[in-house]
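In what follows, a structure is listed as structure tokens, so that the remarks can point back to it.
The values are calculated or read from the model by the stated rules, or taken from the named source; none is laboratory data. Predicted model, so just to flag it, every value in this text is computed and none were measured. Here the Cβ positions follow ideal geometry from the backbone for every residue, glycine too, while neighbour counts run over all protein chains shown. In case anyone asks, the SASA skips ligands and DNA or RNA and just uses the protein heavy atoms, side chains included. Shrake-Rupley method; radii C 1.70, N 1.55, O 1.52, S 1.80 Å.
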Protein chains: 2
Amino acid sequence: MSSESISSVFVIKNALLASKLSKRVGNHLSAHGISLAEYLVMHYLDNSPQKAVPRIELAEHIGMSASGITRLISPMEKNKIVEKVVNPRDARQSLVKLSKTGQRLYGEASTSFEYITNELVGNLSLSQQEKIVALYAKVI
Amino acid sequence: MSSESISSVFVIKNALLASKLSKRVGNHLSAHGISLAEYLVMHYLDNSPQKAVPRIELAEHIGMSASGITRLISPMEKNKIVEKVVNPRDARQSLVKLSKTGQRLYGEASTSFEYITNELVGNLSLSQQEKIVALYAKVI
DNA sequence: GATATTTACTTGTATACGCAAGTATATATC
DNA sequence: GATATATACTTGCGTATACAAGTAAATATC
């Protein structure tokens with residue numbers, strides 16, 4: 001019975017927890033017609049200082065491939081949730097920006113998001129949550 | 001600039017971290033010809049007391065659908081990594097069990113897994129990792 | 001003990017990605 | 001300033017997974 005390292009357990013439990021949380025959260029977000037990935041995009045756009053970001057930056061931030069971002073953003077553009085902004089300095093880029101509609105949708109969705117995440121992790125105290133978040137920043 | 005709840009941040013950072021970790025770990029496991037999902041199955045089977053578990057139990061544990069498990073296990077059976085065990089008490093179930101080959105493969109893969117996870121989360125002390133894992137158990 | 005319901009699993013189909021290759025533009029090198 | 005290389009993105013294709021529906025076996029109800 002070879003003993004298992006803490007790091008292994010950490011990574012496994014982290015993966016299992018994230019899987020559970022993202023499923024639950026995804027179910028709630030679907031009431032707003034969006035996926036968790038779409039929410040993460042909106043969240044990033046809303047919190048980004050310049051409000052219009054290159055797709056590649058989105059991809060890196062939310063851990064998706066560039067092609068994944070293309071296909072994720074494409075229907076969001078059709079639905080007028082985000083809009084394309086050209087970068088005069090670099091014609092290769094097409095920047096992504098939350099539209100007015102997108103801002104409204106994000107506002108509604110984030111209210112749900114706050115509520116459900118609080119339900120899900122409410123068994124942890126705020127300081128416990130804060131500590132974990134702080135420690136996450138040190139990983140990798 | 002509405003302030004964001006810690007629970008939201010927790011869930012988002014957790015998802016992003018898990019995504020990063022599972023990609024890195026997956027890359028390393030691919031050297032053994034297996035995916036992270038397959039590793040999780042082997043890990044669960046190896047740690048399960050009775051060594052032969054119903055598919056539904058696997059599904060619940062690793063957070064996949066029953067059909068997902070069917071399609072995940074199927075090639076593992078073909079490759080003789082796991083074997084089917086009938087349950088005399090319940091003919092609906094087909095239990096899954098690590099084969100000798102599977103045990104050997106898991107032994108090799110887990111060595112890599114321990115190594116890479118230690119690299120990835122090595123910036124956290126063991127007690128920090130332990131604390132987080134303990135807190136994970138309280139969520140949901 | 002027959003019938004209805006539930007459970008464990010499989011299969012068809014749809015979706016959400018990733019990777020590889022392609023295109024256009026920018027940057028570096030000479 | 002021409003050519004090579006790198007970057008940002010898109011598209012074709014393959015894979016992993018979920019959901020819905022189907023099947024077979026177990027359990028509950030009468």
Q. Leaving out same-chain residues fewer than 8 places away, which lysines sit with a Cα under 16 Å from that of B:Lys78?
A. B:Lys97, B:Lys100
Q | Fraction of accessible area attributable to carbon and sulfur, chain A (%, probe 1.4 Å) | A | 53 percent
Q) Under a point-charge model restricted to the Cβ atoms of Lys and Arg (+1) and Asp and Glu (-1), what is the dipole moment magnitude of the protein assembly as shown relative to its Cα centre, in debye to the nearest 20? A) 560 debye
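Just to confirm a number: summing +1 for Lys and Arg and -1 for Asp and Glu over residues other than A:Ile132 whose beta-carbon lies under 14 angstrom from that of A:Ile132, what do you get?
Local charge sum for A:Ile132: +4.
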Q. Under a 5 Å amide H to amide H cut-off, with H placed in plane at 1.01 Å, what residues pair with B:Val82 once short-range neighbours are removed?
A. B:Glu77, B:Ser99
Q) Rounded if a/c is under 1.5, else prolate if a/b beats b/c, else oblate: with a ≥ b ≥ c from the C-alpha gyration tensor eigenvalues square-rooted, which is region A:23-96? A) prolate
Q.
Once R0 is set to 45 Å, what does the formula 1/(1 + (r/R0)^6) return for the Cβ-Cβ distance between A:Ser127 and B:Lys78, expressed as a FRET efficiency to the nearest 0.05?
A. 0.35
Q: Please list the non-local residues whose amide H lies under 5 Å from the amide H of A:Ser94, H modeled 1.01 Å from N, same-chain partners needing a gap of 5 or more.
A: A:Arg55
Q. Which of the listed residues, B:Val85, B:Ile132, B:Gln103, is farthest toward the dipole's positive end in chain B, when Lys, Arg count +1 and Asp, Glu count -1 at the beta-carbon?
A. B:Val85
Q) Among B:6-12, B:19-25, how do they line up from the highest to the lowest mean number of other beta-carbon atoms within 10 Å? A) B:6-12, B:19-25
Q.
Suppose we take every Cα in chain B and form the convex hull; what volume per residue is that in Å³?
A. 155 Å³
**Q.** Karplus-derived 3J(HN,Hα), 6.51/-1.76/1.60, for each residue of region A:61-69, Hz, glycine and proline x
**A.** 5, 9, x, 10, 6, 4, 5, x, 5
Q) Across the residues of B:109-119, average count of Cβ atoms on other protein chains within 10 Å? A) 4
Q: Could you run the Karplus curve 6.51 cos²θ - 1.76 cosθ + 1.60 with θ = phi - 60° over region B:79-89 and give me ³J(HN,Hα) per residue in whole Hz, x for Gly and Pro?
A: 7, 6, 7, 10, 10, 7, 10, 7, 9, x, 7
Q) Going by the alpha-carbon gyration tensor, a ≥ b ≥ c the square roots of its eigenvalues, is region A:100-140 rounded (a/c under 1.5) or, if a/c is not under 1.5, prolate (a/b greater than b/c) versus oblate? A) oblate
Q: Using only the alpha-carbon atoms of region B:57-107, report the extent along each of the three principal axes, biggest first, to the nearest angstrom.
A: 28, 26, 18
Q: Let me know the shape class of the protein assembly as shown, please: from the alpha-carbon gyration tensor, a ≥ b ≥ c as square roots of the eigenvalues, rounded when a/c is under 1.5, otherwise prolate if a/b is greater than b/c, or oblate.
A: prolate
Q | Buried accessible area, chains B and A (both chains, 1.4 Å probe, Å² to nearest 100) | A | 4800 Å²
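Given the -39500 (n - 2.57) contribution per DSSP H run of 4+ residues, what per-residue ellipticity at 222 nm results for chain B, rounded to the nearest 500 deg cm²/dmol? Kindly include the intermediate steps, with their values, before the conclusion.
On the way: 6 runs with 90 residues, N = 140.
One gets -21000 deg cm²/dmol as the mean residue ellipticity at 222 nm.
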Q | Helix A:100-121 axis, angle to chain A major axis (alpha carbon atoms, nearest 10°) | A | 0 degrees
Q) Tally Lys/Arg at +1 and Asp/Glu at -1 over every other residue whose Cβ is under 11 Å from the Cβ of A:Ser74; what's the total? A) +3
Q.
So with the 1.4 Å probe, I'd like the accessible area per residue for region B:64-108, rounded to whole Å².
A. 67 Å²
Q.
Let me confirm one metric for peptide B:25-37, namely the mean number of other chain beta-carbon atoms within 10 Å of its residues' beta-carbons.
A. 1
Q: Under 9 Å from the Cβ of B:Ser110, count the other residues' Cβ atoms, weight Lys and Arg +1, Asp and Glu -1, and hand me the total.
A: -4
Q. How large is the charge dipole for chain A, taken about the Cα centre, if only the Cβ atoms of Lys, Arg (+1) and Asp, Glu (-1) carry charge, to the nearest 20 debye?
A. 320 debye
Q.
Please list 3J(HN,Hα) in residue order for region B:31-36, calculated via the Karplus relation 6.51 cos²θ - 1.76 cosθ + 1.60 where θ = phi - 60°; whole Hz, with x for glycine and proline.
A. 4, 9, x, 10, 8, 4
